[in-house]
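Have a look at the structure below before the remarks.
The values are calculated or read from the model by the stated rules, or taken from the named source; none is laboratory data. All of these numbers come straight from a predicted model, not from anything done at the bench. Cβ placement follows ideal geometry from the backbone for every residue including glycine, while neighbour counts extend to all protein chains displayed. The accessibility values were calculated without ligands, DNA or RNA, using every heavy atom of the protein model including side chains. Shrake-Rupley method; radii C 1.70, N 1.55, O 1.52, S 1.80 Å.
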Amino acid sequence: MSLVADPGLVSESEDVQTRTRGYASYLGLKVLGAIGSLMFMLVVNFFLFRVLPGDPARTLGRGRLTTDAQKAAFNKAYGLNQPLPEQFWTFLKNTAHGDLGISIQYRVPVSHLIWERLWPTVLLVGTSTILATVIGVYLGIRGAWKRGGRFDKISTSLSLTLYSMPEWWLGLMLIAGLGVGFWFVPGIFPTGGLHSPDVNPSSLHGILDTTWHLVLPVTTLTLAYLADYSLIMRSSLLDELGEDYLLTARAKGLRDVQVRNRHAVRNAMLPTTTIIALNIGFVVSGAITVETVFSIPGLGLLSIDALQAPDFWVLQGFFLVASAGVILANLVANLIYGWLDPRVRT
Amino acid sequence: MTDPSLLEIRDLHVTYATGEGALPAVRGVDLTVDRGQIVGVAGESGCGKSTLASTILRLQPVNATVTGEVRFNGRDILTMKWGELRAVRWAGASIVFQGALHSLNPVHRIGAQIAEALHVHSSGLGETTVTGRIDELLGQVGLDPERARAYPHQLSGGQKQRVMIAMALACDPELVVADEPTTALDVMVQAQVLSVLSDLVRDRGVGMLMISHDLSVLADLCDRITVMYAGRVVEEGPAAKVFADPLHPYAGALSAAFPRVGDPAARFAPAGLPGDPPDPRHLAGGCSFAPRCPRAADVCLPAEPELVTYAEGRAAACVRIGEPRSPAERSRDHHA
């Protein structure tokens, strides 16, 4: 055999080393990218609220602050009389220190307000994203593996139906059906709120009570976003089914389930991971609607209140936190992607 | 009773159900591979040779209907229980697939993919045993054992195909099916891969079924060659004879398609075969090669010719063998 002279053999060990370093630099690059997006988002966040039409002093005064002196005093108190670059510099400094301003409506620091309202939203969005992902991916896998079968037909049409429903409508229907009750069927679940007013939320009873209150809103968000994941998972798994490496896996004597889980699903998860991360932004926007429908005191409800007031600093803080959340989700997705697919690391 | 052959295919028919009707890809093929023997299957794209390969481990697509027998060590693969079949797959007979570039899973390390085959067929293997075996296998195909940690996209086409060969030999199979193992490779690498494959097969005394469109490659490596056309065997015999002195006009055309060293006529007259293979969905009666055959005559049209045995263990399916050729035919053959 003349294989010893293969030029490919010479540089192989060196090759392997560069590839291990490749993964670290992949991670570094993604983190840098996320920090860059965060910076860009800060700039947009600042100027977006400065170019909004209307004079904050007048809007906030609801017509009561009529004299120029009063307006000047308001602008001075909130630093709005300074030149724009100076305002931006102050904004950056304050944001870096975690100071997001004072809420006009509640007269408390915005950071406290957001911190307090963050957890109900994280609980709601987190739980529904996990549930929607797990159920959606499962439905997609089962449907695609036995394409055209009864399970596939039912789950695909169900997914399409859910996909076309607005989440607020779905939420209202669930409240009407399972919260209020209909005909002679009594309502089972609470129609709104995060917990009953008379329980201590940190006691065991309180936790169970909160869970009970979250059933309908979580179901709403889960059903609304599950279809996305099941349809994407189904189509990306169908794309994999014709691949040669699945034939190899079968020829090796693997069971059908092993071929599916070890070989097909791993590859089909790649596009799905991207979609899940991209969707986090939409789920947050869905959470605004669902929190409003179910009166859950989360960030979504806070932002609606702030919009109606209007409470600029709260809105600005909400935008900051929401976009930071989306950027973080994308970073996590990139890391998972790199872990799933060796090809993107190099 | 004598020992059954390693692989014995009897009257195999494979028909695909397609949107435009039934597509008979394999029509009554007989084939035998003995232990230690390398048998080649030659033919154009679409002649059914890859379908034939896939049925050996019952890997044909779901829309295929298979009848006949595929006996591996005397037991019929086509009627085996799933558990038995899984045990035969890879440990009894393994396949080196056509598209090596895509036959390895892109997201698993190649070592893990070889290890998977080992674990499936012998439970409770220790980590060191498996690693040692992988190193040994990669060494045998001329790859650095370090490569076990590489992913398929980090390897060249030839290296991937060698990994595929290493994987095919992992469980010490009795039969290796090589389905166009060198199609996607350039000529130099092709020669390397073929020599690795045939050396390993000869060293271990396993049987091999080698599928290729390249009759000259098969003539070099194989003991016997089966030539297929439109789903049927048209010629079968010792490799050297089939290549050097083909009986069937189609085997002749395949053989003439490769220039011989030292034959200026062959070199300057590229001998292609005009026309395309027939659409298996719409086969006319009679010899399916007749529309492209330089020797076709009226006798070819009534019925599909049977495979007839001739001297020296040779067989061919052509009614015109032995008939004297007309001068016009001879001059056409000379150019062909």
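With the crude spin-label approximation of a point 7 Å out along Cα→Cβ, what separation in nm comes out for A:Val44 versus A:Glu86?
Calculated label separation equals 2.9 nm.
Please express the Cα-Cα pair-distance distribution P(r) of the protein assembly as shown as a list of whole percents, one per 20 Å bin, running from 0 to the bin with the greatest distance.
14, 34, 26, 17, 8, 1
Between A:Ser157 and A:Ile207, how high is the FRET efficiency from 1/(1 + (r/R0)^6) when r is the Cβ-Cβ distance and R₀ = 56 Å? Nearest 0.05.
The calculated FRET efficiency here is 0.90.
Expressed as an acute angle from 0 to 90° and rounded to the nearest 10, what is the orientation of the C-alpha long axis of helix B:157-168 relative to the principal long axis of chain B?
For helix B:157-168, the angle is close to 80 degrees.
Which of A:Thr129, A:Thr272, A:Thr67 moves most in a GNM of chain A, Cα contacts under 10 Å?
Between A:Thr129, A:Thr272, A:Thr67, it is A:Thr67 that shows the largest mean-square fluctuation.
If one takes the accessible area of chain B alone plus chain A alone and subtracts that of the pair, with a 1.4 Å probe, what total in Å², rounded to the nearest 100, results? Don't skip to the end; give the middle numbers.
Details: alone 15900 and 19850 Å², together 32640 Å².
Protein heavy atoms only, the B-A interface buries about 3100 Å².
Measure nothing fancy, just the Cα-based angle from helix A:312-340's long axis to the longest principal axis of chain A, in degrees from 0 to 90, nearest 10.
10
If the chain between A:Ala72 and A:Lys93 were fully stretched, how many nm would it gain, using 0.36 nm times the residue separation less the Cα-Cα distance? Don't skip to the answer; put the middle values down first.
Numbers: separation 21, 0.36 × 21 = 7.56 nm, distance 2.37 nm.
Taking A:Ala72 through A:Lys93 to full extension adds about 5.2 nm, to one decimal.
So for region A:271-346, what are the equivalent ellipsoid semi-axes in whole Å, largest first, each being the square root of 5 times an eigenvalue of the Cα gyration tensor?
32, 13, 7
Going by alpha carbons, how many degrees (0 to 90, nearest 10) lie between the helix axis of A:299-308 and the longest principal axis of chain A?
Roughly 40 degrees, rounded to the nearest 10.
Taking each pair of different alpha-carbon atoms in region A:165-236 once, compute 1/r for the pair, average those values, and report the inverse of that mean as the Kirkwood hydrodynamic radius in Å to one decimal. Don't skip to the end; give the middle numbers.
Working: mean 1/r = 0.0733 Å⁻¹.
So the Kirkwood estimate lands at 13.6 Å.
Using the basic label-point model (7 angstrom from Cα toward the beta carbon), what is the B:Ser195 to B:Ala17 distance in nanometres?
4.9
Comparing A:His97, A:His213, A:His263, which has the greatest mean-square fluctuation in the GNM of chain A with Cα pairs linked when under 10 Å apart?
It is A:His97.
Hey, if we sort B:Ile165, A:Ile135 by accessible area with the 1.4 Å probe, largest down, what's the order?
Most to least solvent-accessible, the answer reads A:Ile135, B:Ile165.
Using a simple charge model, +1 on the beta-carbon of Lys and Arg, -1 on the beta-carbon of Asp and Glu, nothing else, what dipole does region A:108-166 show about its Cα centre, in debye to the nearest 20?
Using Cβ point charges on Lys, Arg, Asp and Glu, region A:108-166 gives about 420 debye.
Compute the projected area of the convex hull of the Cα atoms of chain B, averaged over all viewing directions, and report it in nm² to one decimal place. Could the numbers behind the result be given before it?
Values: hull surface 77.3 nm².
About 19.3 nm², averaged over all directions.
Give, ordered by residue number, each residue of region A:253-276 whose 1.4 Å probe accessible area is reduced by a minimum of 10 Å² on adding the remaining protein chains to the chain alone.
So the qualifying set is A:Gly253, A:Leu254, A:Arg255, A:Arg262, A:His263, A:Arg266, A:Asn267.
What residue among A:Ile114, A:Ile207, A:Ile175 has the largest mean-square fluctuation in a Gaussian network model of chain A, using Cα springs under 10 Å?
A:Ile207
Using only Cα atoms, locate the centre of region B:134-187 and the centre of region A:176-246, then give the distance between them in Å, rounded to an integer.
49
Give me the accessible area of B:Glu312, 1.4 Å probe, in Å² rounded to the nearest 10.
The value for B:Glu312 is about 120 Å².
Sort out for me the Cα centre separation of region A:103-144 from region B:74-124, rounded to whole Å.
Each part reduced to its Cα centre gives a spacing of 44 Å.
Within region A:68-148, report the trypsin sites (Lys or Arg not before Pro) that DSSP leaves as loop and that have at most 14 other Cβ atoms within 10 Å.
Passing both the DSSP loop test and the Cβ count: A:Arg107, A:Lys146, A:Arg147.
Any chance you could list the semi-axes, whole Å, largest first, of the equivalent ellipsoid that the Cα gyration tensor gives for chain A, using √(5λ)?
Computed over chain A, the values are 45, 32, 16 Å.
Roughly what would the spin-label model give for B:His153 and B:Thr79, points 7 Å off Cα along C-beta, in nm?
Here the modelled spin labels are 4.8 nm apart.
Nearest 5 is fine: what % of DSSP beta bridges in the protein assembly as shown come out antiparallel, could you say?
Antiparallel: roughly 65 percent of the beta bridges in the protein assembly as shown.
Determine the calculated [θ] at 222 nm for the protein assembly as shown from helices alone, applying -39500 (n - 2.57) to every DSSP H run no shorter than 4 residues and normalising by the residue count; nearest 500 deg cm²/dmol.
Helices in the protein assembly as shown give a 222 nm mean residue ellipticity of -17000 deg cm²/dmol.
What full-extension length gain, to one decimal in nm, is calculated for B:Asp172 and B:His282 as 0.36 nm per residue of separation minus the Cα-Cα distance?
In short, 35.3 nm is gained.
Once you have the Cα-Cα distance between A:Ala176 and A:Asp239, take 0.36 nm times their residue separation minus that, and quote the gain in nm to one decimal. Present the calculation step by step, with values, prior to reporting the outcome.
On the way: separation 63, 0.36 × 63 = 22.68 nm, distance 4.06 nm.
Additional length available on full extension: 18.6 nm.
Against the empirical 2.2 N^0.38 Å scaling, what ratio does the C-alpha Rg of region A:118-300 come to?
1.21
List the trypsin sites (Lys or Arg not before Pro) within region A:246-296 that fall in a DSSP loop (any state other than H, G, I, E or B) and whose Cβ has at most 15 other Cβ atoms within 10 Å.
A:Arg255
In the structure displayed, which of B:Lys49/B:Lys81; A:Lys30/A:Lys93; B:Lys81/B:Lys241 lie more than 29 Å apart, Cα to Cα?
Values: B:Lys49/B:Lys81 25 Å; A:Lys30/A:Lys93 25 Å; B:Lys81/B:Lys241 40 Å.
Those over the limit are B:Lys81/B:Lys241.
State in Å² the accessible area per residue of chain A; use a 1.4 Å probe, count heavy atoms of protein chains only, and round to the nearest integer.
53
Carbon and sulfur together cover what percent of the accessible area of the protein assembly as shown at a 1.4 Å probe radius?
Roughly 62 percent, rounded to a whole number.
Taking R0 as 60 Å, what's the FRET efficiency between A:Leu29 and A:Asp198 from their Cβ-Cβ distance, rounded to 0.05?
Calculated value: 0.70.
When only DSSP loop residues count, what trypsin sites (Lys or Arg not before Pro) in region B:51-140 have their Cβ near at most 14 other Cβ atoms within 10 Å?
B:Lys81
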